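Here the structure is laid out as structure tokens; the discussion comes afterwards.
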Amino acid sequence: MVGRLTAKSITKLTKAGNETKVLYSVESSLAGKLGSIGQPVLRSKAKDMEKIFASRLRAAFEPKA
């Protein structure tokens, strides 16, 4: 087997006063030959994507001036 990717994502929304708190977690693993070299790259890219997602989500819900 060249590689296998498995992932599990959980998103939880809870009320926090007049706001909604968003909690999420992602577990992933990359196995096989591809995993031995690709896991660090996958983690780094996932962190970058997380920052972009959070920034865009905040922007989408910011009050318009």
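The values are calculated or read from the model by the stated rules, or taken from the named source; none is laboratory data. Given the structure is predicted, the values throughout are model-derived calculations rather than measurements. Note that each Cβ is placed from the backbone with ideal geometry, even for glycine, and that neighbours are counted across all protein chains shown. With ligands, DNA and RNA removed, areas are computed over all heavy atoms of the protein, side chains included. Shrake-Rupley method; radii C 1.70, N 1.55, O 1.52, S 1.80 Å.
Determine which single condition S29 fails, assuming it passes every other condition in (1) open to solvent by less than 90 Å² (accessible area, probe 1.4 Å); (2) out of contact with any Gly (no Cβ under 9 Å at 6 or more places or on another chain); (3) not in a helix (DSSP H, G or I).
(2)
Any residue at all in the stretch 43-59 that is free of Cβ contacts under 8 Å to residues at least 40 places away in the same chain, open to solvent by less than 60 Å² (accessible area, probe 1.4 Å) and not in a helix (DSSP H, G or I)?
Taking every residue of the stretch 43-59 in turn, none turns out to be free of Cβ contacts under 8 Å to residues at least 40 places away in the same chain, open to solvent by less than 60 Å² (accessible area, probe 1.4 Å) and not in a helix (DSSP H, G or I).
Considering only the stretch 32-40, I want to know if a residue exists there that is of a type in the set (K, R) and within 25 Å of E62 (Cβ to Cβ).
no
Of all residues in the stretch 4-23, how many are within 19 Å of R56 (Cβ to Cβ) and open to solvent by 90 Å² or more (accessible area, probe 1.4 Å)? Before the answer, list the steps.
Keep residues of the stretch 4-23 that are within 19 Å of R56 (Cβ to Cβ), which gives 9, 11, 13, 19-23.
Pick out the ones that are also open to solvent by 90 Å² or more (accessible area, probe 1.4 Å) and you get 11, 13, 19-21.
Adding up the residues that qualify gives 5.
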